[in-house]
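The values are calculated or read from the model by the stated rules, or taken from the named source; none is laboratory data. Just so we're clear, the structure is a prediction, and the values are computed from it rather than from any experiment. FYI the Cβ positions are ideal-geometry reconstructions off the backbone, even for glycines, and counts take in every protein chain you see. Side chains included, ligands, DNA and RNA excluded: accessible areas come from the protein's heavy atoms. Shrake-Rupley method; radii C 1.70, N 1.55, O 1.52, S 1.80 Å.
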Amino acid sequence: MLRRRGLALLLGAAGLAAARPVRAQADFPSRPVQLIVPYAAGGPTDIYARAISQPLSAVWKHGVVVDNRPGGGTMIGTAAASQAAPDGYALLLTAFGFVMNPLMMRDLTFDPSAMVPIAQIGISVGVLYIRKDLPANDLQEFIAYAKRTRGGVSFGSSGVGSSTHTAAEMLASQAGFQMTHVPYRGSAPAITDLMAGNVDAVFDTAGTMSFVREGKLKALASGRATRGADMPEVPTIRESGVPMDSETWYGFIGPKGLPEALRDRIARDVRAAVEDPATQEKLIRGGLEPRYLGPAEFTAKLASERASWGKLVKERNLRLD
């Protein structure tokens, strides 16, 4: 009798333990969700995070708090998200550097590839912007200027290993000119310095075209496969004679151990937010092309990028530490 009662208690305890995660997921969220952005405030990732946090807050009823943690080539914010409890209350909204930076670092204390891809929210196309007084009006003139300038040209970027950095490295490699990389803690300060004439060029999103239309910068080429309807006057890099594209993804990543059911629940809510017309308008205005990918597709995309970008890292000897 005692043995039978003990077994019943044990099974009951096990049932309660199994039920807790299910109940926690069903009740998610019961408090505000922290959305970690490993870039400075004011840059593209921050803009997209704040745009998408509004519809998510409305659905989740407890608010989404954007937490900017720039520095360390995005690794400071990424490390914080990786160390969070796998309960959905701390998520990472990041970009291309999530894949690229670990390829360039020797002594990471955590494994980003073990984190859980949740959803891609969209992509942005890189546009080559130059200071307004630089004597070039198209990509070939810029390349000629870079080749005849001692030491080459200076490229600002949102950080080492960011898409804005790797696009510059790829262009220099493909076109055969020298460049000096000047990393910033986000795109906003890089563009500010470009307008001040402190760097020669920056790859950034289509959202920065507003400064071109104000006469503060020049736009030479975009990384799209074909010209975009939003800036038909800007030729593509390919049609300008260099065989490369430039685009980056933005997406949600969860900590290692995030349960599959909770991952899928968050992904569904993110998809609804991305497909909300008012949110799409904000994202597009900020230079993002809304393009949702679910967990499986997003996971496969990140794995493919890890495999393909290693070649550029070795060729250009790119190091973050």
*Note down all Cβ pairs under 6 Å where the first residue falls in segment 161-180 and is on the phi > 0 side of the Ramachandran plot, the second is among the aliphatic types (A, V, I, L, M) and open to solvent by 10 Å² or more (accessible area, probe 1.4 Å), and they're at least six residues apart or on different chains.*
Gly161/Leu320
*Go through (1) polar (S, T, N, Q); (2) surrounded by fewer than 16 Cβ atoms within 10 Å (Cβ to Cβ); (3) within 30 Å of Ile266 (Cβ to Cβ) one by one and return the number of the condition Ser246 breaks.*
(2)
*Out of segment 47-63, which residues are out of contact with any Phe, Trp or Tyr (no Cβ under 6 Å at 6 or more places or on another chain) and under 22 Å from Gly287 (Cα atoms)?*
Ile47, Ala49, Arg50, Ala51, Ile52, Ser53, Gln54, Pro55, Leu56
*When you scan segment 204-245, how many residues do you find that are within 15 Å of Ser124 (Cα to Cα) and touching a Leu at 6+ places or on another chain (Cβ under 6 Å)?*
1
*Can you name the number of the only condition in (1) over 15 Å from the mean Cα position of the chain (by Cα); (2) charged (D, E, K, R); (3) over 30 Å from Ile237 (Cα atoms) that Arg69 fails?*
(1)
*Long-range neighbours under 6 Å by Cβ, at least six apart or interchain, first residue within 23 Å of Thr45 (Cα to Cα) within segment 236-258, second assigned to a strand (DSSP E or B) and modelled with pLDDT under 95*: Glu247/Ile123; Glu247/Val125; Thr248/Ala95; Thr248/Ser124; Trp249/Ile123; Tyr250/Ala95
*Evaluate the following for Val160: is it within 19 Å of Val125 (Cα to Cα), at pLDDT 95 or above and within 18 Å of the chain's Cα centre (by Cα)?*
no
*Looking at segment 61-76, which of its residues are in contact with a strand residue (DSSP E or B) (Cβ under 9 Å, 6 or more places away or on another chain), modelled with pLDDT under 95 and not in a loop (DSSP other than H, G, I, E, B)?*
Gly73, Thr74
*Within segment 84-118, considering residues that are open to solvent by 10 Å² or more (accessible area, probe 1.4 Å) and touching a Phe, Trp or Tyr at 6+ places or on another chain (Cβ under 7 Å), the one modelled with the lowest pLDDT*: Leu103
_Condition (residue is within 20 Å of Thr248 (Cβ to Cβ), touching a helix residue (DSSP H, G or I) at 6+ places or on another chain (Cβ under 7 Å) and at pLDDT 95 or above) applied to segment 131-145: is it met by at least one residue?_
no
